[in-house]
Amino acid sequence: MPGIYLLAILISAGGIAAIDARWKLAAWRSPGRTAAAVAIGLAFFLAWDAVGIATGVFVKGDSPLFTGVDVAPELPLEEIFFLAFLCYLGLVVWAAALRVLEQRASRARHGRPPSRTDAHRSRGEQPS
């Protein structure tokens, strides 16, 4: 069924965006910087793909799951969405890891064991 791969990428991106929104990790914390980082990453990976395509290293496989739309020779539309998703996912994972490490360091500095309340406070919420 054409378009399933693109749909899977978009659904996955929606899930990561929901995680981002819940914990305000990237786009919900700093939308401009997130957009710039994704755009720069996307440009880098598209340039990488262009070199790979030009040297014959990268070739587009045929799949009934693709939409069939090619942005350039050997570059399907889905590749652009996948690369943008990859960049956004990397930002969200990086921000989540930093937050966990910062919370652990804060607890260690104050000699406190981990608590659920700390996670709520770091997000500006009141514990339930």
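Screening residue 41 with (1) surrounded by fewer than 15 Cβ atoms within 10 Å (Cβ to Cβ); (2) touching a Cys at 6+ places or on another chain (Cβ under 6 Å); (3) not acidic (Asp, Glu) gives one miss only, at (1).
Scanning segment 44-67 for residues that are at pLDDT 95 or above and in contact with a strand residue (DSSP E or B) (Cβ under 9 Å, 6 or more places away or on another chain) yields 46, 49, 50, 53, 66, 67.
Residue pairs whose Cβ atoms lie under 6 Å apart, sitting 6 or more positions apart in sequence or on different chains, and linking a residue in segment 37-61 that is part of a helix (DSSP H, G or I) to a partner that is crowded, with 17+ Cβ neighbours inside 10 Å and among the small types (Gly, Ala, Ser), are 38/84; 42/84.
The values are calculated or read from the model by the stated rules, or taken from the named source; none is laboratory data. Everything quoted here is computed from the prediction, not taken from an experiment. All Cβ positions, even for glycine, are placed from backbone atoms using ideal geometry, and neighbour counts span all protein chains on display.
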